[in-house]
1. Kindly establish whether Lys2 is of a type outside the set (Gly, Ala, Ser) and at pLDDT below 95.
2. Out of curiosity, is Thr106 hydroxyl-bearing (Ser, Thr, Tyr) and over 22 Å from Ser12 (Cα atoms)?
3. Under 8 Å between Cβ atoms, at least 6 apart or on separate chains: pull out the pairs that start in region 18-36 with a residue that is touching a residue at least 60 places away in the same chain (Cβ under 8 Å) and end on any residue that is of a type in the set (Phe, Trp, Tyr) and open to solvent by 30 Å² or more (accessible area, probe 1.4 Å).
4. In region 23-48, what residues are assigned to a loop (DSSP other than H, G, I, E, B) and buried (at least 17 other Cβ atoms within 10 Å of the Cβ)?
5. Just a yes or no: is a residue in region 110-128 among the small types (Gly, Ala, Ser) and free of Cβ contacts under 8 Å to residues at least 24 places away in the same chain?
6. Among (1) over 18 Å from Arg114 (Cβ atoms); (2) touching a helix residue (DSSP H, G or I) at 6+ places or on another chain (Cβ under 6 Å); (3) buried (at least 17 other Cβ atoms within 10 Å of the Cβ), which single condition is Ile6 missing?
7. Between Val37, Val79, which is among the hydrophobic types (A, V, I, L, M, F, W, C) and within 16 Å of Ile125 (Cβ to Cβ)?
Amino acid sequence: MKKNGILNSHISKILSDLGHTDLIAIGDAGLPVPEGVLKIDVALKLGTPSFREVVELIADDMVVERVIVAEETREGNPVAMQFITEKFGKDAIDASVSHEQFKALTRQVKAVIRTGEATPYANCILQSGVHFG
C-alpha cells in the first residue's frame, strides 16, 4: 500500500502517465465530461471534496506549467480565481477562454477529475510540465 501521496489509484495512474503538455481537468460537480474522456469521480456529496482540496493534492504530485480557467471565473468565482492565482502564480494562468470554450477544451484532456464542489466556475485545466530532478 502507498505510504503517502494520492491514494486514488486512477488519479495516481493518470499523473504517472502524463507527458509534457498533457492536460487534465479538475471540475466542480456540474462540469460536463465529454464522451470518450475518462471521468474520475471523487465527489462524495455537495462540497466534498472541495475544488481547493483536490487542486492542492494534485499540485503536490504534478509539475504544472500552465493553468487554463474560464474568463468568467474572475467575476463568477473570485475566491477560486484568487486561490488558483496564489497557488500557481499569475504568469501561469490563462484566463482567455470563455466557459463554452473551456468546456470544449475538456475534449482534449486525459481525464476530468470531478469534485463535490458546488460553486460556479470552480474548474481548471492543468497542463503538465517536466521534472528533470
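The values are calculated or read from the model by the stated rules, or taken from the named source; none is laboratory data. Remember, it's a predicted structure, so these values are computed and weren't measured experimentally. So basically every Cβ, Gly included, is an ideal-geometry build from the backbone, and we count neighbours across all protein chains shown. Heads up: the accessible areas ignore ligands, DNA and RNA and are worked out on the full protein's heavy atoms, side chains in. Shrake-Rupley method; radii C 1.70, N 1.55, O 1.52, S 1.80 Å.
1. Against the criterion (of a type outside the set (Gly, Ala, Ser) and at pLDDT below 95), Lys2 qualifies.
2. no
3. Matching pairs, first to second residue: Asp28/Tyr121.
4. Within region 23-48, the subset assigned to a loop (DSSP other than H, G, I, E, B) is 28-37, 42-44, 46-47.
Matches in region 23-48: Asp28, Ala29, Leu31, Val33, Val42, Ala43.
5. Step one: list which residues in region 110-128 are among the small types (Gly, Ala, Ser), which gives 111, 116, 118, 122, 128.
From the residues that got through so far, the ones that are free of Cβ contacts under 8 Å to residues at least 24 places away in the same chain too are none.
So far as region 110-128 goes, no, none of its residues is among the small types (Gly, Ala, Ser) and free of Cβ contacts under 8 Å to residues at least 24 places away in the same chain.
6. It fails just one condition, (1).
7. The unique qualifying residue is Val37.
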